Amino acid sequence: MNIRTKDNLVVIVAGIGMLLSTLDTGIINVALPFFKSYFETTADIAAIAVTGYTISLAVFILPFGLLSDKFGKLSFSYIGLIIFGLSSLLCGLSANIQMLIMFRIFQGIGAAALQATSASLITTLVSAEKSSSAIGVLGIMIGVGPVLGPSLGGLLLSLNSWRGIFWLNIPFVLLGLICNHKLITEISENKYAKHIDYPGSLTNGLFVILLISGLSLLSSHSIVGIALIIASLIAVIILFKVERNKETPVVNVINLIQNKSLLVYLYET
């Protein structure tokens, strides 16, 4: 495989991964009133289809980034595309709100694998001559996804095709899988033996779940929401205590906080 073909395939895989993961963050928002009526449920339960996706994405993106370094970014993005594609198909086949929520959580796991690998695929596999434009493409995908999502969701609902909100992803997933498979079979990646910080990952996941759940419940169940936000702050303190003496903490910002010279620099600027 020549360098130009490799660069183009990597950009396609990374771009599709970032587009899909950001697109589905907001495409379902406009459909929540419809799902409330269609599945005969409450607004709070219907909203879990959004928060469930966001929580699973946020919880898994950090450990997936470490795992992709260890087992290969292309392999991990390939798995992410499969999970995302299958869960998108199943979301559209959901017969009740419980099924939709469950498959949206799995979709968020696939999105985490895609987001965790998209940027690193470009920085590690794209040639130096093409890297600037490739990063620019990725930036466009990051911006287009959240903006395009609500518009496409509204259009599909107006056409009486709520299942299309999820099935819209499948052609892009198939294209990504074809390009990804081509890359896996013809090029080799550098892999790094990294220690996976399970206690840090679990504590960070708990923090994310508590914080996002608390914020989502503030308007409807304010007391519960505030309690969860307070619990998330406690989880941050625990996370700091768990990670502060580790050489490779799961949350790199802890190292930045402990770097006094960086704090002085930020203060001075």
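Among the numbered conditions (1) without any contact (Cβ under 8 Å) to a residue 12 or more places away in the chain; (2) over 28 Å from S75 (Cβ atoms); (3) touching a helix residue (DSSP H, G or I) at 6+ places or on another chain (Cβ under 7 Å), the only one that L157 does not meet is (1). Considering I61, I12, I105, the condition of being over 20 Å from I142 (Cβ atoms) and part of a helix (DSSP H, G or I) is satisfied by I105 alone.
The condition (being closer than 30 Å to E189 by Cα and touching a Ser or Thr at 6+ places or on another chain (Cβ under 8 Å)) is satisfied by just one residue among I97, I105: I105. For the stretch 109-135, the tally of residues that are in contact with an Asp or Glu (Cβ under 6 Å, 6 or more places away or on another chain) and of a type outside the set (D, E, K, R) stands at 2. Of the residues examined, G26 is not one that is at pLDDT 90 or above and in contact with a helix residue (DSSP H, G or I) (Cβ under 8 Å, 6 or more places away or on another chain). When D7 is tested against (1) buried (at least 23 other Cβ atoms within 10 Å of the Cβ); (2) farther than 20 Å from L168 by Cβ; (3) charged (D, E, K, R), exactly one condition is not met: (1).
The residues of the stretch 164-195 that are surrounded by fewer than 14 Cβ atoms within 10 Å (Cβ to Cβ) and in contact (Cβ under 8 Å) with a residue 40 or more places away in the chain, listed by number, are L174, E186, I187, N190, K191, Y192, A193, H195.
When S75 is tested against the conditions (1) assigned to a helix (DSSP H, G or I); (2) crowded, with 20+ Cβ neighbours inside 10 Å; (3) among the small types (G, A, S), the lone failure is (2).
The values are calculated or read from the model by the stated rules, or taken from the named source; none is laboratory data. Given the structure is predicted, the values throughout are model-derived calculations rather than measurements. Cβ atoms come from the backbone with ideal geometry, glycine included; neighbour counts cover every protein chain shown.
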